[in-house]
Amino acid sequence: MKRFVKFVILVMLCNMVLAHDLISLFPIENYNQDISSWIKPADPDYDRPLISSVYQQERYDEFYEHYYASDPDGLSPWSRDFVNGQLVQADGKDIITLESQILVNFYIHGNNPKKTGYGMNYRPYATDWYQKLADSMSLGDNVSLTYIPENRAIAVTNLYIRALPTMEPLFYDHKIAGEGYPFDNLQETALFTGMPVYIVKQTADKAWSLVIASDANGWVQTSGIAKVNDKFIKKWQKVAEQGLIAITKQDSLVDKHGLFRGTAYNGSSLPLLKDDPDDYSVLVPVAGMHGNAHLAEANISTGSAVKMPLALTPHNMASIMQNQIGKPYGWGNMLFNYDCSAETKALFTPFAIYLPRNSQSQSDAGSKVVELDKLNATEREQYLLAHGHKFVTLVQIPGHILLYIGSYPNPYSKKHEPMAMSYQNIWGLRTPENDFRSIIGGSVIFPLLEEYPENSDFVSIYDQKARPKFRLIYLDEDSHE
């Protein structure tokens, strides 16, 4: 027994040394996470809308186009022009060629020690693993590169969109800071119940389908989608045109007989049939015979969803944040949690503001983008404090995005100088050498400082050398300073 205890202690010490070399836990408990301390009910603008009703309606119409429309020139995977634009890109590359390149790139990277793909057991994937995937994908099959109405479908459950048709993860070397778990390089994003898709092709065994979705293209498990026709779409749209709800708190969808119809996650939406004091009645798609979708009715608590569009006020923004704050980081929506861009996307869904899925393209949803790339750290901070619009300004740096929520006296400094406060979902802070991470690992209220007291070496968000791109993305219509 003594030998066993000594062995356990030795293993723990070894793990502690390894963890110290690569990661530590950032003391987020030292930073006030009480939303009401920052977004105060006594503030004069607490219930004042930050965007006009006219502008919000415009954004609502755009949101509808992405997830519910089917007109030929719409923005949905049920729309001909959108699908054709994904099947063959503007540069002439088609979706099959791009999928083939993804597989080749992962395989070629396997010859680079820093880019060798590892599985859950830390063993690098062998050549035959890639070959089996290539055989399964059958990319040499004849695939139509023009829109076919019969290929329209809908998610009947919550799914992962994967870069390749497998649930096996592909990690890079965990000894490199920012690699290893949880950064599965095959995990793209989540596809929530009720989201439209277009089926491009299936794997040889039919288990996986390559789909075009509103926010990403990739592979989903075939069992989680079902085909739709004009009749289904018209019924779905008829209810959706009357109203939508956005999920603001993870909850169960249950029908009138008590049958579980799935889990609803923050940032997803569904057509609203009727609302009662305690429950919203919504439409949900279910899989029927021969892979076709049918409509069913389910209920969700009014405490877990809101009717869209919700007025964009500090009060309502704080309420949405309250349901998410403290939840763990989820790279690519892994475990249906959120990373930085998934967090901002879900945060603005109740307000009917559509944001693309990744941080690089979220600037496309802005009414104005201000590039501060050439400014130094102090100038960037001062510009944000002077010109940031609280709750409607996103701050974008390479690989990350966050929401600016206002200027506050710095409680972590003796001088109490003004500082920018953010809401974000963040993995952690890093050193300039990128060889160490101090892990936060979730959604937090976090100050944007030039220097953190825990470690002056941590790279500031304002650092021009480490952050060659620094952009402000305004989501309101009053952005003409």
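The values are calculated or read from the model by the stated rules, or taken from the named source; none is laboratory data. These figures come from a predicted structure and were not determined experimentally. Methodologically, a virtual Cβ is constructed for each residue, glycine included, from the backbone with ideal geometry; neighbour enumeration extends over all protein chains shown.
Hey, can you tell me all the residues within region 53-80 that are of a type in the set (D, E, K, R) and over 16 Å from residue 151 (Cα atoms)? Working first, answer last.
Applying the first criterion (of a type in the set (D, E, K, R)) to region 53-80 yields 58-59, 61-62, 65, 71, 73, 80.
58, 59, 61, 62, 65, 73, listed by residue number.
Report whether or not residue 315 is out of contact with any His (no Cβ under 6 Å at 6 or more places or on another chain) and modelled with pLDDT under 95.
Taking the combined requirement at face value, the residue does not satisfy it.
Which of (1) exposed (fewer than 13 other Cβ atoms within 10 Å of the Cβ); (2) in contact with a helix residue (DSSP H, G or I) (Cβ under 7 Å, 6 or more places away or on another chain) is the odd one out, the single condition residue 103 does not satisfy?
(1)
Give, as residue ranges, the strands (runs of 3 or more DSSP E) completely inside region 167-281 that count at least 2 residues that are without any contact (Cβ under 8 Å) to a residue 60 or more places away in the chain.
Filter on region 167-281 gives 196-202, 217-221, 251-254, 260-264, 269-275.
Considering only residues that are at negative phi, assigned to a loop (DSSP other than H, G, I, E, B) and of a type in the set (S, T, N, Q), which ones fall in region 391-446?
Matches in region 391-446: 410, 413, 431.
For every residue, the table says whether it meets (1) among the hydroxyl-bearing types (Ser, Thr, Tyr); (2) surrounded by 15 or more Cβ atoms within 10 Å (Cβ to Cβ); (3) out of contact with any strand residue (DSSP E or B) (no Cβ under 9 Å at 6 or more places or on another chain).
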| site | (1), (2), (3) |
| --- | --- |
| 232 | no, yes, no |
| 236 | no, yes, no |
| 244 | no, yes, no |
| 258 | no, no, yes |
| 261 | no, yes, no |
| 267 | no, yes, no |
| 273 | no, yes, no |
| 277 | no, no, yes |
| 301 | yes, no, no |
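This table checks each residue for (1) at pLDDT below 95; (2) in a helix (DSSP H, G or I); (3) over 22 Å from residue 271 (Cβ atoms).
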| site | (1), (2), (3) |
| --- | --- |
| 294 | no, no, no |
| 298 | no, no, no |
| 303 | no, no, no |
| 319 | no, yes, yes |
| 345 | no, yes, no |
| 348 | no, yes, no |
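Might you check whether a residue that is modelled with pLDDT of 95 or more and in a helix (DSSP H, G or I) occurs anywhere in region 351-373?
yes
Identify, from the list 428, 406, 399, the residue that is closer than 17 Å to residue 33 by Cβ and under 22 Å from the mean Cα position of the chain (by Cα). Give the derivation first.
On the way: 406 fails: under 22 Å from the mean Cα position of the chain (by Cα); 399 fails: closer than 17 Å to residue 33 by Cβ.
Exactly one of 428, 406, 399 is closer than 17 Å to residue 33 by Cβ and under 22 Å from the mean Cα position of the chain (by Cα), namely 428.
I need a count of the residues in region 377-406 that are among the hydroxyl-bearing types (Ser, Thr, Tyr), more than 18 Å from residue 341 (Cα to Cα) and surrounded by 15 or more Cβ atoms within 10 Å (Cβ to Cβ). Explain how you work it out, then say what you get.
First pass over region 377-406, keeping only residues among the hydroxyl-bearing types (Ser, Thr, Tyr): 378, 383, 393, 404.
When the remaining residues are screened for being more than 18 Å from residue 341 (Cα to Cα), the result is 378, 383.
Next, from what is left, pick out any that are surrounded by 15 or more Cβ atoms within 10 Å (Cβ to Cβ): 383.
The qualifying residues number 1.
Would you point out which residue out of 74, 92 is part of a loop (DSSP other than H, G, I, E, B) and on the phi > 0 side of the Ramachandran plot?
Going through 74, 92 in turn, the sole match is 92.
Looking at the structure I just gave you, is residue 65 touching a strand residue (DSSP E or B) at 6+ places or on another chain (Cβ under 8 Å), surrounded by 15 or more Cβ atoms within 10 Å (Cβ to Cβ) and not in a loop (DSSP other than H, G, I, E, B)?
No.
Which one of 61, 73, 45 is more than 23 Å from residue 268 (Cα to Cα), out of contact with any Cys (no Cβ under 9 Å at 6 or more places or on another chain) and outside the structural domain of residue 405 (by TED's automatic domain parsing)?
When all the criteria are applied, what remains is 73.
Which of the residues belonging to region 391-415 are more than 23 Å from residue 62 (Cα to Cα), touching a residue at least 12 places away in the same chain (Cβ under 8 Å) and either β-branched (Val, Ile, Thr) or in contact with a Leu (Cβ under 9 Å, 6 or more places away or on another chain) (or both)?
397, 404, 405, 407, 410, 412
Might you check whether a residue that is at pLDDT below 95 and among the charged types (D, E, K, R) occurs anywhere in region 77-89? Outline the logic, then answer.
As a first pass, look at region 77-89 and keep what is at pLDDT below 95: 89.
Now restrict to residues that are among the charged types (D, E, K, R): none.
No, every residue in region 77-89 fails to be at pLDDT below 95 and among the charged types (D, E, K, R).
Out of 207, 177, 216, I need the residue that is surrounded by fewer than 23 Cβ atoms within 10 Å (Cβ to Cβ), of a type in the set (A, V, I, L, M, F, W, C) and at pLDDT below 95. Which one?
That would be 177, the only listed residue that is surrounded by fewer than 23 Cβ atoms within 10 Å (Cβ to Cβ), of a type in the set (A, V, I, L, M, F, W, C) and at pLDDT below 95.
Of the residues 339, 435, which single one is of a type in the set (Asp, Glu), at pLDDT 95 or above and not assigned by TED's automatic domain parsing to the domain that holds residue 64?
Going through 339, 435 in turn, the sole match is 339.
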